[in-house]
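This report refers to the structure that appears directly beneath it.
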Amino acid sequence: MLARLHLPRSIPAALAAAIAACGAGATADLNPVATPYVVTVRNYQFLPADLAAPPGATVLFRNDDDYDHWLMSAAAPGQYVEAPVGGVALDLYLPARSEQPFQLPATAAVGTVVPYFCWLVRNAMMDQGTITIAPPAAAASAPPGTAPAR
């Protein structure tokens, strides 16, 4: 004959609370990144074309197109050769209708201009975007998605 196990009422309640707590943060990763620095890719264009952001900032790249994009930093403006610029190496795959964060290095030098392009559709998307590394005060005072006053 099996003996019946009697547990204090507080143990099942504590176990239920612990199990519920395990899933409490499960949706946190589904929330978008909160940042004033956003670049939208739409209809073969980067909006804005030039974004000012301080070193260490997170830039959210949003793909509003029905096709994928693969963004890469360019060796120089007008070149479609992937290369880091001033220690900033953008290499970001964006599936259709998605968004991905990219963190600028905290060591990025103010004044650095990082041109980037879409490697997948570079023949159709001849315009490049740029990220200008701006002083924190200038980037904060500029409206989101704009270059700082020069």
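Descriptive notes on the structure:
- Of all residues in region 81-101, those that are crowded, with 20+ Cβ neighbours inside 10 Å and either aromatic (Phe, Trp, Tyr) or over 11 Å from the mean Cα position of the chain (by Cα) (or both) total 2.
- Any hit, region 84-94, residues being within 25 Å of Ala34 (Cβ to Cβ), among the charged types (D, E, K, R) and touching a residue at least 12 places away in the same chain (Cβ under 8 Å): yes
- Any hit, region 37-57, residues being under 14 Å from the mean Cα position of the chain (by Cα), in a loop (DSSP other than H, G, I, E, B) and aromatic (Phe, Trp, Tyr): yes
Bear in mind these aren't lab numbers, they're just calculated from the coordinates by the rules spelled out. Just so you know, these numbers come straight off a predicted model, no measurement behind them. Positions of Cβ are generated from backbone atoms using ideal geometry, with glycine treated the same way; all protein chains shown enter the neighbour counts.
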